[in-house]
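The values are calculated or read from the model by the stated rules, or taken from the named source; none is laboratory data. Because the structure is predicted, anything quoted here is derived from the model rather than measured. Ideal geometry is used to build each Cβ from the backbone, glycine not excepted, and the neighbour counts take in all protein chains shown. All accessible areas refer to the heavy atoms of the entire protein, side chains included, with ligands and DNA or RNA removed. Shrake-Rupley method; radii C 1.70, N 1.55, O 1.52, S 1.80 Å.
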Amino acid sequence: MPSALPIGDPAPSDGSLPTSALTGLGDRPFGVYVHVPFCATRCGYCDFNTYTAGELGTSASPASWLEGLRRELDLAATVLGAPPAADTVFVGGGTPSLLGADGLARVLDAVRSSFGLAPGAEVTTESNPESTSPAFFSAIRDAGYTRVSLGMQSAARHVLAVLDRAHTPGRPVAAAREAREAGFDHVNLDLIYGTPGEGVDDLRASLDAVREAGVDHVSAYALIVEEGTALARRVRRGELPMPDDDVLADKYELVDAAMTAQGLRWYEVSNWAASAEAACRHNLLYWQGADWWGAGPGAHSHVGGVRWWNVKHPAKYAELLAAGTSPAAGREVLGDDDRRVERVLLELRLATGLPLDVLDADGRAEAK
């Protein structure tokens, strides 16, 4: 999800939504996103809403976060009235695997308690390869998770060092195998390409490692130097070069060719899957403008044309919910034109494309 949105309007303290937003609820796919804001270390390129233990001190903890999460999910069920069972659940972060298998099981239990899971629901958790093990994968599979997304980024040690990634190059491949052996049919590896100092041979080595891992889904993103990050400061000081757009484009084509050779086809600009079943159904909710409730500090939600976002700090998040108040920091009600423009921007990312009649006359003329 985007790291920042316009301030918008204040959100009601009870979290209530306009009647128009609830119209048709359940007719559209519905998902739950859970944001885990904890990381062991801060990666230099990351601008997500995450915190290390040293940054939080005693102001917040996984225990206080989980209690806040339970309260927010219960609030969500009340706000939505008769909440639809979740078609998809995605636990992201941050580093959800830092919660351990027991913690992730409690997260999913909270979602089940407030929403329930639809038959055949897709349930994903992100994981750092270094905080996983065969026992971890077996336990979360038993808890009800159906899909695992592992942060690999690169197989080149010096590239990982530039990104401040705290895992050894071979661990993601081993973790992917462990996940499959634990019964996960759907395993994703995340790649980042275009890191300063990454040569073509480094990227090829990463793509070879993906092939060796035998996963059925790959997400590959061009490195973006986000303002406010350690990486941006290094680029500004001239210690590292800014990624070159033409080089990134060439590397994208290399990634796509390698994925195609491995039997994976792109279904969204940055995502490749071995089959329709392997595609990430939760992310398709975002790209197709469906409904989801985002729970956790800084999480974003969208229901029926209303978008809102939570306060960012875990301590403030838990404090508001303990007081019986919605953690939403602001929201915006999208007009018809806003929704049409966003549909164009999002659906053009998909291999299925966009119906021409969604465009206005000028847009159709340009499309020709």
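Per-residue answers, yes or no, for (1) open to solvent by less than 40 Å² (accessible area, probe 1.4 Å); (2) closer than 30 Å to L80 by Cβ; (3) not acidic (D, E):
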position	(1), (2), (3)
E253	no, no, no
W287	yes, yes, yes
L320	yes, yes, yes
V333	no, yes, yes
D338	no, yes, no
Check your understanding: Can you find a residue in segment 42-53 that is among the aliphatic types (A, V, I, L, M), surrounded by fewer than 19 Cβ atoms within 10 Å (Cβ to Cβ) and part of a helix (DSSP H, G or I)?
Key -> yes
Practice item. State whether one or more residues within segment 350-368 are modelled with pLDDT of 95 or more, in a helix (DSSP H, G or I) and in contact with a helix residue (DSSP H, G or I) (Cβ under 8 Å, 6 or more places away or on another chain). Key: no
Exercise for review: Any residue in segment 166-195 that's hydrophobic (A, V, I, L, M, F, W, C): show its pairings with residues that are open to solvent by 30 Å² or more (accessible area, probe 1.4 Å) and part of a helix (DSSP H, G or I) at Cβ separation under 7 Å, as long as the two are six or more apart or on different chains.
Suggested key: A166/E130; V173/E212; A182/P134; A182/S138; A182/R141; F184/R141; V187/R180
Exercise for review: For segment 126-147, indicate whether the set of residues that are under 22 Å from C280 (Cβ atoms), in contact with a Lys or Arg (Cβ under 8 Å, 6 or more places away or on another chain), surrounded by 17 or more Cβ atoms within 10 Å (Cβ to Cβ) and among the hydroxyl-bearing types (S, T, Y) is non-empty.
Suggested key: no
Check your understanding: Among the numbered criteria (1) open to solvent by 30 Å² or more (accessible area, probe 1.4 Å); (2) under 21 Å from the mean Cα position of the chain (by Cα); (3) farther than 19 Å from Y33 by Cβ; (4) among the acidic types (D, E), which single criterion is violated by E342?
Key -> (3)
Revision key, fill the gap. Among helices (runs of 4 or more DSSP H) entirely within segment 220-332, at least 2 residues that are touching a residue at least 24 places away in the same chain (Cβ under 8 Å) and of a type outside the set (A, V, I, L, M, F, W, C) occur in 245-261, 281-287, 314-322
Point to revise | Single condition P83 does not satisfy, out of (1) in a helix (DSSP H, G or I); (2) of a type outside the set (S, T, N, Q); (3) out of contact with any strand residue (DSSP E or B) (no Cβ under 6 Å at 6 or more places or on another chain); (4) surrounded by 19 or more Cβ atoms within 10 Å (Cβ to Cβ) | key: (1)
